[in-house]
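Colleague: Structure provided below as structure tokens; questions to follow.
The values are calculated or read from the model by the stated rules, or taken from the named source; none is laboratory data. Just so it is clear, the structure is predicted and the values come from calculations on it, not from any experiment. Cβ atoms come from the backbone with ideal geometry, glycine included; neighbour counts cover every protein chain shown. Side chains included, ligands, DNA and RNA excluded: accessible areas come from the protein's heavy atoms. Shrake-Rupley method; radii C 1.70, N 1.55, O 1.52, S 1.80 Å.
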Amino acid sequence: MKMKPTLFIIVFLLVTSFGFAQAELSIISGKVGISKYHDRDELDQMQKGQLLTLYIERIEVIVKILPNIAFATMPGVTMSALGIPDTKDHRKALEDQHEATSNYFNNTLEFQNKILPYSDKSNLIAAILFYEETLKSLHTYREFN
């Protein structure tokens with residue numbers, strides 16, 4: 001009879017400890033990347049609405065990756081994988097960075113959704129091509145290291 005309460009307490013403690021265990025955060029959060037690079041001819045064929053979507057997608061990738069390239073260029077890299085101690089202060093700093101990045105992107109997105117439709121189509125195409133070249137250069141980043 002004493003076995004049931006003891007077993008219950010052990011199971012309860014295990015479940016509670018798993019609930020409070022924190023998964024380690026990645027330096028670059030979320031799904032970051034673009035599925036396709038474009039050339040000018042492809043972009044010229046697109047409607048302005050499609051170009052606006054591409055432009056915003058590329059901004060998101062740049063905002064999430066570029067500030068972190070000294071650590072990683074792809075999602076999934078954690079602090080401990082880089083040899084950074086997984087302390088409370090370091091986790092808090094990374095969480096704050098993720099929150100700041102998210103807030104910045106959301107504010108940028110709000111502005112872009114209001115103002116970007118007034119941009120010239122040729123300027124949108126030039127910006128998309130520039131952003132894509134910047135993102136392509138991330139593939140060669142390791143050559144500088």
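Colleague: DSSP loop trypsin sites (Lys or Arg not before Pro) in region 16-115 with at most 15 other Cβ atoms within 10 Å of their Cβ, which ones?
Modeller: Answer in residue order: Lys31, Lys36.
Colleague: Continuing with this model, one more query. Tally Lys/Arg at +1 and Asp/Glu at -1 over every other residue whose Cβ is under 13 Å from the Cβ of Ser122; what's the total?
Modeller: +1
Colleague: For region 44-145, which whole percent of the accessible surface, found with a 1.4 angstrom probe, sits on carbon and sulfur atoms?
Modeller: 55 percent
Colleague: Which pairs break 32 Å Cα to Cα here: Lys88/Lys114; Lys36/Lys88; Lys36/Lys92; Lys31/Lys92; Lys88/Lys136?
Modeller: Lys88/Lys114; Lys36/Lys88; Lys36/Lys92; Lys88/Lys136
Colleague: Which FRET efficiency value, to the nearest 0.05, is calculated for Asn107 and Glu133 with the Förster distance at 30 angstrom and r the Cβ-Cβ distance?
Modeller: 0.75
Colleague: Then there is this: Sticking with the crude label model, points 7 Å out along Cα→Cβ, report the distance from Ala126 to Leu82 in nm, one decimal please.
Modeller: My value for the distance between the label points is 3.5 nm.
Colleague: Please list 3J(HN,Hα) in residue order for region 56-73, calculated via the Karplus relation 6.51 cos²θ - 1.76 cosθ + 1.60 where θ = phi - 60°; whole Hz, with x for glycine and proline.
Modeller: 5, 4, 6, 4, 4, 5, 5, 5, 7, 9, 3, x, 10, 5, 5, 9, 7, 10
Colleague: State to the nearest 20 debye the size of the charge dipole of region 26-145 about its Cα centre, where the only charges are +1 on K and R beta carbons and -1 on D and E beta carbons.
Modeller: So the magnitude is around 140 debye.
Colleague: Whenever you get a sec, line up His38, His139 from highest to lowest accessible area (probe 1.4 Å, protein heavy atoms).
Modeller: Result of the area sort, largest leading: His139, His38.
Colleague: Here is a follow-up. Mean 1/r over all different Cα pairs, inverted: what Kirkwood radius does region 27-68 give, in Å?
Modeller: Hydrodynamic radius (Kirkwood, Cα pairs) of region 27-68 is 11.5 Å.
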